[in-house]
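J.: Below you'll find the structure I mean.
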Amino acid sequence: MHKPSIHPVAHQSGGLTSNQSNQDGNAWLRNRSTSSGVTRRVRRHSGIGSEPGINPHENEKYSHFSEKCAIQVTDFSSEHVLLNTLSNAEFVELMKHPEPNPDANGAPAKRSLRWINIAGISWDVLSALALRYDLHTLALEDILHEQGHNQSKADYYPQHLFLRVLCHSIPTENDLDAGPDPRSEYPGSWNKPSRNRSDSEKMAGYMDDLEHKFKHRRFSALSGFRLAAQQRQILRIAELKKGDRVAVKHEPMFIFLLREGTVISIRPTPNLEFTDPVTERINQHDSVIRTSEDPAILVEALLDLIVDRILEVMDEYQDKIHQLEHDILMKPGMSTVRSLHILSGDLIMHKRTLEPIKSMLHGLRRYDQDRCAAMGLGNDLPANRRQVHADINASDASLGLGVGASGHHFGRDGYLSYNSKIYLVYVYDHMDFVLTSLDMFSGISENLINYAFNMASYEMNLVMRRLTLATIIFLPLTLLTGYFGMNFTSMWSVNHHSDLLFWIIALPVMGVIIPMFLYQDIKSMVHYIHKVMAARRAVLAQERGPW
């Protein structure tokens with residue numbers, strides 16, 4: 001970079017000495033360097049080539065990630081369930097000063113599994129959680145800088161297993177009222193319902209986001225954000241496709257499985273409706289989550305919930321395709337073809353987002369032990385049980401959960417237990433069924449589009465055939481009419497004959513021309529009649545019997 005010259009500054013000041021000018025110039029350079037450093041720190045996690053990961057201690061940089069979260073902390077075992085609903089401040093206080101959990105006699109209670117379920121993304125909650133459980137900085141970056149094109153994946157860290165899964169679900173009425181999200185590339189993606197706003201207010205809000213693009217919570221374009229023109233174009237396309245597509249809400253879920261057994265789930269929408277089925281299962285004393293006392297089973301339950309929501313989406317697509325198939329078979333039209341075209345494009349996009357979920361499930365089942373062994377955790381997890389048990393007890397004591405006499409020994413060589421992998425097969429099979437259904441729906445939609453165009457071509461051929469037949473029939477009549485209609489002074493065929501001569505000439509000519517032009521059609525008709533008669537004779541012969 002070209003350094004600014006100090007001499008022109010001294011010349012302009014007039015009364016500055018050489019030493020003073022050099023000192024002032026050096027101070028200016030230092031200030032400029034410091035300012036550049038601040039700029040680089042501000043752009044650290046927002047620009048191309050920025051430093052990966054997010055430091056949970058940098059509170060001032062991410063304070064704009066603030067909203068009222070819905071937080072549930074559930075401690076459960078096969079014997080009891082303790083569910084607490086906390087606010088942001090209460091949760092931060094819990095992470096700083098966890099309360100002990102003694103039993104009725106005052107002795108340390110049997111160790112419970114802990115599930116921290118957070119709905120909404122707020123920096124105070126996330127930083128407190130990261131500091132308490134030592135969450136990896138790259139996982140924090142995936143949460144805060146989640147991009148719309150991010151795919152589902154599983155990341156292995158020494159402290160925890162991190163899963164990022166793109167959830168597909170049917171939007172609620174509030175989601176539909178919020179309107180489409182112009183920052184999302186996925187079909188039918190919807191905004192969080194914050195408050196009722198008009199389209200102009202929404203676009204004004206998006207323009208404000210562009211002005212503060214380094215404070216974006218979620219980006220969606222391949223480069224990290226969309227320009228205002230691109231957002232407007234997405235809104236226009238969404239309006240044009242309105243009513244012809246299946247509304248699907250896309251939202252990520254982030255899952256942490258810690259080595260000591262704690263499970264953390266985070267979703268951007270500040271309500272816990274999505275995970276209510278899992279909470280209900282925990283409250284059932286005979287559920288697998290309770291009886292197994294295995295945190296990996298809880299992770300499997302969350303993944304199973306996500307896949308079940310996807311099955312609901314597939315049911316909606318099946319109903320939509322059945323309706324379009326009915327319309328096509330009844331009366332093909334371009335409006336139906338338009339709906340099929342939109343549906344086919346959405347199915348292609350869904351396949352792009354759903355296939356990584358299947359790959360992630362396969363990796364969890366097949367490579368969990370290998371990936372843990374590659375990080376050097378293989379000896380800690382399966383073999384050195386005493387050290388693992390000591391780590392768990394130490395973690396329990398620090399979190400105020402109480403230390404039992406025996407504790408839990410999770411039968412696993414990696415982050416996932418053998419029991420959870422058995423249930424993951426069930427989830428994997430459902431995901432395989434989803435992708436197979438997507439392929440079937442895509443094939444049906446393409447076939448229906450081809451059928452509609454084939455029917456249009458067939459109807460056009462019928463029209464041309466009728467016109468051709470009419471032309472052939474009236475061609476001799478038109479020729480003779482033109483001949484007899486000529487105004488010649490001497491015309492014996494008109495002056496000495498009646499109109500009977502016209503038909504005497506026309507009928508034989510028609511009898512020759514029509515069979516000559518329609519020879520192949522007449523031949524095909526005769527062949528068809530012959531086959532029909534042969535089939536009838538065969539049926540009659542079968543009914544009469546051999547006698």
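Listed here are the residues, each with its yes/no results for (1) exposed (fewer than 11 other Cβ atoms within 10 Å of the Cβ); (2) in a helix (DSSP H, G or I).
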site: Met460; (1), (2): yes, yes
site: Val463; (1), (2): yes, yes
site: Phe474; (1), (2): no, yes
site: Leu480; (1), (2): no, yes
site: Ser498; (1), (2): yes, no
site: Leu501; (1), (2): no, yes
site: Gly511; (1), (2): no, yes
site: Ala534; (1), (2): yes, yes
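J.: Would you point out which residue out of His322, His285 is at negative phi and outside any helix (DSSP H, G or I)?
T.: His285
J.: Does at least one position in the range 159-180 carry a residue that is at pLDDT below 90 and either touching a Gly at 6+ places or on another chain (Cβ under 8 Å) or of a type in the set (Lys, Arg) (or both)?
T.: Yes, that holds for at least one residue.
J.: Further, regarding this structure: Kindly indicate which of Leu303, Leu329, Leu298 is without any contact (Cβ under 8 Å) to a residue 40 or more places away in the chain and either crowded, with 19+ Cβ neighbours inside 10 Å or more than 21 Å from the chain's Cα centre (by Cα) (or both).
T.: Values: Leu303 fails: without any contact (Cβ under 8 Å) to a residue 40 or more places away in the chain; Leu298 fails: without any contact (Cβ under 8 Å) to a residue 40 or more places away in the chain.
Every option except Leu329 fails the conditions.
J.: Looking at the range 247-259, is at least one residue among the β-branched types (Val, Ile, Thr), under 26 Å from Ser122 (Cα atoms) and either touching a helix residue (DSSP H, G or I) at 6+ places or on another chain (Cβ under 9 Å) or part of a loop (DSSP other than H, G, I, E, B) (or both)?
T.: Looking only at the range 247-259, we keep the residues that are among the β-branched types (Val, Ile, Thr), and these are 248, 255.
From what is left, the residues that are under 26 Å from Ser122 (Cα atoms) are 248, 255.
Narrowing the set further to residues that are either touching a helix residue (DSSP H, G or I) at 6+ places or on another chain (Cβ under 9 Å) or part of a loop (DSSP other than H, G, I, E, B) (or both) leaves 248, 255.
Taking every residue of the range 247-259 in turn, at least one turns out to be among the β-branched types (Val, Ile, Thr), under 26 Å from Ser122 (Cα atoms) and either touching a helix residue (DSSP H, G or I) at 6+ places or on another chain (Cβ under 9 Å) or part of a loop (DSSP other than H, G, I, E, B) (or both).
J.: In the range 341-364, which residues are surrounded by fewer than 16 Cβ atoms within 10 Å (Cβ to Cβ) and charged (D, E, K, R)?
T.: Lys351, Arg352
J.: Only one of (1) in a loop (DSSP other than H, G, I, E, B); (2) at pLDDT 90 or above; (3) farther than 16 Å from Arg267 by Cβ fails for His149. Which number is that?
T.: Failing condition for His149: (2).
J.: On the basis of being of a type in the set (Ser, Thr, Tyr) and more than 28 Å from Gly414 (Cα to Cα), does Thr269 make the cut?
T.: Details: of a type in the set (Ser, Thr, Tyr): yes; more than 28 Å from Gly414 (Cα to Cα): yes.
Taking the combined requirement at face value, the residue satisfies it.
J.: Still on this model: Kindly check whether there is at least one residue in the range 240-259 that is at negative phi and free of Cβ contacts under 8 Å to residues at least 24 places away in the same chain.
T.: Step one: filter the range 240-259 for residues at negative phi, giving 240-242, 244-259.
Narrowing further to those that are free of Cβ contacts under 8 Å to residues at least 24 places away in the same chain: 240, 242.
Yes, the range 240-259 contains a residue that is at negative phi and free of Cβ contacts under 8 Å to residues at least 24 places away in the same chain.
Matching residues to (1) closer than 21 Å to Pro295 by Cβ; (2) modelled with pLDDT of 55 or more; (3) of a type in the set (Val, Ile, Thr):
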position: Leu82; (1), (2), (3): yes, yes, no
position: Leu86; (1), (2), (3): yes, yes, no
position: Glu93; (1), (2), (3): no, yes, no
position: Pro98; (1), (2), (3): yes, yes, no
position: Ala107; (1), (2), (3): no, no, no
position: Arg114; (1), (2), (3): yes, yes, no
position: Ile121; (1), (2), (3): no, yes, yes
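The values are calculated or read from the model by the stated rules, or taken from the named source; none is laboratory data. What you see is a predicted model, and the numbers here were worked out from it, not measured in a lab. A quick note on method: Cβ atoms are made from the backbone with ideal geometry, for glycine too, and the neighbour counts reach across all protein chains shown.
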